[in-house]
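Please treat every number below as a calculation from the coordinates, not as lab data. The structure presented is a predicted model; accordingly, all values stated were derived computationally and were not measured. Virtual Cβ from ideal backbone geometry, glycine too; neighbours counted across all protein chains shown.
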Amino acid sequence: MADGHLHRLYRHGDTPVHRLPAHVKLLALVSFVLVVVATPREAFWAFGVYAALLAAVAAVARVPARFILRRMVVEIPFVVFAVLLPFIALGPTTQVLGVTVSQAGLLAGWNILAKGTLGVVASILLAATTDARELLLALQRLRVPPVLVEITSFMVRYADVTTGEMRRMKIARESRGFDPRSRRALAVVASSAGALFIRSYERGERVHLAMLARGYAGRLPVVEVQQAGAAAWARAAVLPVAALLTATAAWLTT
Amino acid sequence: MHVPDGFLDVPTSIATGVVSAATIAVALKKSRQELDEKTAPMAGLTAAFVFAVQMLNFPVGVGTSGHLMGGALAAVLVGPWTAVLVLSVVLTVQALVFADGGLTALGTNILLIGIVTVLVGWLVSKAVLRLMPTKPTSVVPASFVGALVSVPAAAAVFVLLYMVGGATELPFGALMATMLGWHTLIGLGEAVITAATVGAVVAVRPDLVYAARGLQPALVLKGADGSTICAPEPIEPGAPVHGRSPWPVVIAGLGVAFLFAGVLSFFASSNPDGLEYVAGSEGFLERARDSAVGEFVLADYGEVGGVPVGVAGLVGVGLTILLGLALFGWIGRRGSRAQSTPPQPAQV
């Protein structure tokens, strides 16, 4: 989350993955992740298959590996936890490279690492091939309560404004010799947050008045509705169905 | 703090998802009271604000940094129900677009970051506010305490969830101690930033702080002849802070207390506490005489009478509550008697 620009996550393109309706992609992603999470962790080969499936999707969508790797830094805190698990978990121990570790902890660490990484990569692929605006329409089509969809859409609109405001304040702070590593920085960071809230809130009030003046009555009009045909559903189902077959095989063999 | 996929098993993820969805449904109804007709735009704006604030990292220890969760901050600024909505939206966007927090763990993340921190932060802040003088700046220390408690509370709930549906067996006491230790540090940073943020807003626009509603001092008007009159109190759109029943806060507090005493005490370490340990090793434990109630069935939290420790805990909490109610009732009666003398008109 180093930069708050939603549109930077999206890679413009015209591939079969980009063309799929957003709500179909969203359902495919959620069912894929559910299948991955439900896979027994001892079936090591199954996770290799999942990774290969995601790599195939990335290839079809023409999303380069470097782009995905750069976005994967959000996972780091939990990678640290997964690496520590073998050393702190209980139960019978085993020797790995001359170090005594817990067997259960080793498996659990692997479990978190594999499933977490697959989930992160799948979400990155969705974000890279779907516009944030389309994602909102997808939520609406999936019967998410309209108020929640509207709050989300306002958030997406304001996110750039707010983070832009914050970046300007950050540049102003740094040009005055501000050092974020010092403990005394807390007060400065906090008063910036306060100023950010007031600025954003007052700006929001002005925008709200402008919207009322243009006839806003609590609902945003929907301009276009993406229709999903049977073909689109079938194409999107390839990933979760392949994953489901792998998971079934994994259940049967372990 | 964003839990990734595969951290908790599927039943736990589904259960937390159901709890989160139900809470969001309630919040959708209740938030209309907090933000009237502006609900969607202003809640969206606050979501963007929380989203931006979560990027503010602060140092917690050697080489580690935490970032603001913003639950207590949002609750104090815009009200608890709107804050639940706001954090749920932020977490959903983070999971869908930023891959921050797993999709199957979205319910868990909303429960931990969006509901536990908001409700704990709000209830604690309100409780502290009750003990403070009635003025807008009281919100600042109240939000400090609220934020400080909210982060370890979320960490504790996480440990409980991990015990129920975690991938492996971990020593409960050690995990709880580590998580609480680190998150108390993070909570301290969260508290400092939250309090200072609220302070900055209260100083400029106290009307924007939800928790400060109804805390404004009465406007005193001074006539040309030197006479002073108190302007009538402005009518707030939300329910006024004063006169609101304290029972929800009390009942929620009781719930937490009973949970800790009745359930968590089973997991508590059976090792001697610090004093007992030192007493044993220094050889003065034997000198201690059993107290007069040493033979009572509940002595030593039930160990003497063979009562399960949880039951003993529940009885203990119940007794504490009765004592507390009696004490506060007595203080309350004294307070109202003292206030019943008519206040002197202010000299300005």
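In nanometres, what is the gap between the two model label sites at A:R133 and A:A234, each 7 Å from Cα along Cα-to-Cβ?
Here the answer is 3.2 nm between the modelled labels.
Which three numbers, in whole Å and largest first, are the semi-axes of the equivalent ellipsoid of segment A:128-179 derived from its Cα gyration tensor as √(5λ)? Don't jump to the answer; show the numbers that get you there.
Values: eigenvalues 229, 27, 9 Å².
Gyration-tensor ellipsoid for segment A:128-179: 34, 12, 7 Å.
Segment A:102-124 to segment B:68-116: how many Å between their Cα centroids?
One Cα centre to the other: 23 Å.
Please give, to one decimal in nm, the separation of the simple spin-label points placed at B:K135 and A:E205, each 7 Å out from Cα toward the Cβ.
Computed distance between label sites B:K135 and A:E205 equals 2.4 nm.
Please compute the contact order of segment B:59-187 in relative form: average sequence separation of alpha-carbon pairs under 8 Å and at least six residues apart, divided by the residue count, as a percent.
Once normalised by length, the contact order is 24 percent.
Treat the count of other C-beta atoms within 10 Å as a stand-in for reagent exposure and order B:W122, B:W81, A:W233 from fewest to most. Provide the component values of the computation, followed by the final result.
Details: B:W122 28, B:W81 25, A:W233 14.
Going from least to most buried by this count: A:W233, B:W81, B:W122.
Using the count of nearby Cβ atoms within 10 Å as a rough guide to exposure, how do A:I124, B:I24, B:I113 rank from fewest to most?
The most exposed by this proxy come first: B:I24, A:I124, B:I113.
Counting other C-beta atoms within 10 Å, which of B:F98, A:F32 has the fewest, and how do the rest follow?
Neighbour counts put them in this order, fewest first: B:F98, A:F32.
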